[in-house]
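The values are calculated or read from the model by the stated rules, or taken from the named source; none is laboratory data. Computed from a prediction, not measured in an experiment: that's the story for all the values here. No Cβ is skipped: glycine too gets one built from the backbone with ideal geometry, and neighbour counts run over all protein chains shown. These accessible areas exclude ligands, DNA and RNA; they are computed on the full protein's heavy atoms, side chains included. Shrake-Rupley method; radii C 1.70, N 1.55, O 1.52, S 1.80 Å.
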Amino acid sequence: VASTNLAVGLMRAQRWKEARTVLEKSIALRPSSIDALYNLGTTMIALGDDRRGIELFRRALKIKSEDLAAMDALAWALATSPDAALRDPSEALRLAEEVNQRTRIENPKYLATLAAAQSASGNAPAARTTIRRAETAARLRGMNGFLKSLEDQQARYDNGEAYSRTAPGDQSSTK
């Protein structure tokens, strides 16, 4: 637990390489730690290693298939990876829809992932509607920092573009 907390602090400070080292050691000691697998997956995405991030999210879901954060992170990576070989819009959409169906509240992050998956699947009208829902939910929760990311997504959908991460670390979060 202490190493995961340290890693989360490093992630929040965007000290990704240090977080990776801590999390890899944590997983070596506790290979079935969902939090460590999720956080290492997020860290690898931030470092630009989508393949490894996706693998870690899948590993976490094999241990706990109903983990919404890992499911959402996997959907986000599959919908937005800059590497076309790793993108899988249909799986991303299936996962994002499941996450949002299981959530009883409008979660802005989960809705943003659903919008990205809808866009990647070619359904721009649905993506525009969903991202507006995410913006409304973020405003209601005072998530002003996250609103900028949502507005960027909205602008891409309004221009008829799918959302794809171009720089490592877009929409990374910690568990």
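A few notes on this one:
- Within the accessible area of the stretch 96-150 (1.4 Å probe), percent carbon and sulfur: 49 percent
- Packing-based ranking, highest mean first, of 39-49, 112-122 given that Cβ atoms within 10 Å are counted: 112-122, 39-49
- Within the chain, helix-based [θ] at 222 nm, where runs of 4 or more DSSP H residues each add -39,500 (n - 2.57), nearest 500: -23000 deg cm²/dmol
- The equivalent ellipsoid of the chain has semi-axes of 26, 16, 15 Å, largest first, where each one is the square root of 5 times an eigenvalue of the Cα gyration tensor.
- When the chain is described by a simple charge dipole with +1 on each Lys and Arg Cβ and -1 on each Asp and Glu Cβ, the residue from 76, 153, 140 located farthest towards its positive end is 140.
- Calculated P(r) of the stretch 1-70 - Cα pairs past 20 Å, %: 18 percent
- Net charge dipole size for the chain [Lys, Arg +1 and Asp, Glu -1 on Cβ; Debye, nearest 20]: 440 debye
- Taking a straight line from the alpha carbon of residue 109, these lysines sit under 27 Å away, with near neighbours fewer than eight places off in the same chain left out: 17, 62, 64, 148, 175.
- Residue among 84, 19, 36 with the largest mean-square fluctuation in a Gaussian network model of the chain, springs linking Cα atoms under 10 Å: 84
- Of interest is the spacing of the C-alpha centroids, which for the stretch 108-138 and the stretch 1-65 amounts to 26 Å.
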